Amino acid sequence: MSDLDTPTQYEAEVPATLDLAEMAELTIRGITNRIDPEKDHMMYTRDNFYADPPHMHFLWANESACEAKHLEGLLLLRTISDSTTNNDLERGYWEHILQSAGDDGCFYLSPELYLNPATPSPRPGPHSTVEREGRHILELCMRCQLDRDPAWKTLIEKKIRRLSEIAVYQDDYAYFTASSCITGEVNFTPGDTS
């Protein structure tokens, strides 16, 4: 029998400042208070604290792949804290994203969502990125595990089928390429094929 097989006990002091539920609640507020219900629940994704007055602004169209990161984080934070703070804002944000779903399940950005004139739309029509869809698949898997809604599984499967259609297959691997690669992301439109 090794030392690893023998359980050990010991006393330890845990700092009183470590309250994960409280930190999760603060983070939920920090993320959701950036959602603007007057702008169709889009999220401000950039800050300028050096400006006078300081302000928040949009970069690109709701930050493309980052929206899934926000939603994924909020799912985890709500699991930790059981918080319902700003549920209405998060629901509006999620519904705004769901409205952009194409028949293939992918969430397409339309050019009019590009509210910052310094970052115009990379495509004249609806488009998405492989990275964005991959993050949404991860977020939807978590959502499916938490609430057991079969609609999320259907949406995930549609996204996977669509990404499989635009992948380039070679030998025992696949990769993505696009005619227009913006900021290192692989863009595609509803009609693109590999």
Residue match in region 153-172 (condition: farther than 19 Å from residue 191 by Cβ, in contact with a Pro (Cβ under 9 Å, 6 or more places away or on another chain) and not β-branched (Val, Ile, Thr)):
no
Failed condition for residue 124, given (1) assigned to a helix (DSSP H, G or I); (2) modelled with pLDDT under 95; (3) more than 26 Å from residue 56 (Cβ to Cβ):
(1)
Please verify whether region 80-102 includes one or more residues that are part of a strand (DSSP E or B), in contact with a strand residue (DSSP E or B) (Cβ under 6 Å, 6 or more places away or on another chain), surrounded by 13 or more Cβ atoms within 10 Å (Cβ to Cβ) and modelled with pLDDT of 85 or more.
yes
Restricted to region 23-41, and to residues that are hydrophobic (A, V, I, L, M, F, W, C) and in a helix (DSSP H, G or I), which residue is nearest to residue 66 (Cα to Cα)?
31
Given (1) open to solvent by 30 Å² or more (accessible area, probe 1.4 Å); (2) hydrophobic (A, V, I, L, M, F, W, C); (3) modelled with pLDDT under 90, number of the condition residue 188 does not satisfy:
(1)
Count - residues of region 8-49 that are open to solvent by less than 80 Å² (accessible area, probe 1.4 Å) and within 16 Å of the chain's Cα centre (by Cα)
12
So is residue 112 open to solvent by 80 Å² or more (accessible area, probe 1.4 Å), on the phi < 0 side of the Ramachandran plot, at pLDDT below 90 and among the acidic types (Asp, Glu) or not?
yes
Of all residues in region 118-176, how many are of a type in the set (D, E, K, R), open to solvent by 70 Å² or more (accessible area, probe 1.4 Å) and in contact with a helix residue (DSSP H, G or I) (Cβ under 7 Å, 6 or more places away or on another chain)?
2
Six or more apart or on different chains, Cβ atoms under 9 Å: show the pairs whose first residue is in region 41-52 and touching a residue at least 24 places away in the same chain (Cβ under 8 Å) and whose second is open to solvent by less than 40 Å² (accessible area, probe 1.4 Å) and among the β-branched types (Val, Ile, Thr).
41/35; 41/97; 42/35; 43/31; 43/32; 43/35
Report the residue count in region 89-109 for those that are farther than 19 Å from residue 159 by Cβ and free of Cβ contacts under 8 Å to residues at least 24 places away in the same chain.
1
Identify the single condition in (1) surrounded by fewer than 19 Cβ atoms within 10 Å (Cβ to Cβ); (2) within 17 Å of residue 142 (Cα to Cα); (3) at pLDDT 90 or above that residue 74 does not satisfy, given that it satisfies every other one.
(1)
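The values are calculated or read from the model by the stated rules, or taken from the named source; none is laboratory data. Because the structure is a prediction, the values reported are computed rather than measured. Quick reminder, even Gly has a Cβ in these numbers, built from the backbone with ideal geometry, and neighbours come from all protein chains shown. Remember, those area values only see protein heavy atoms, side chains included, never the ligands or the DNA or RNA. Shrake-Rupley method; radii C 1.70, N 1.55, O 1.52, S 1.80 Å.
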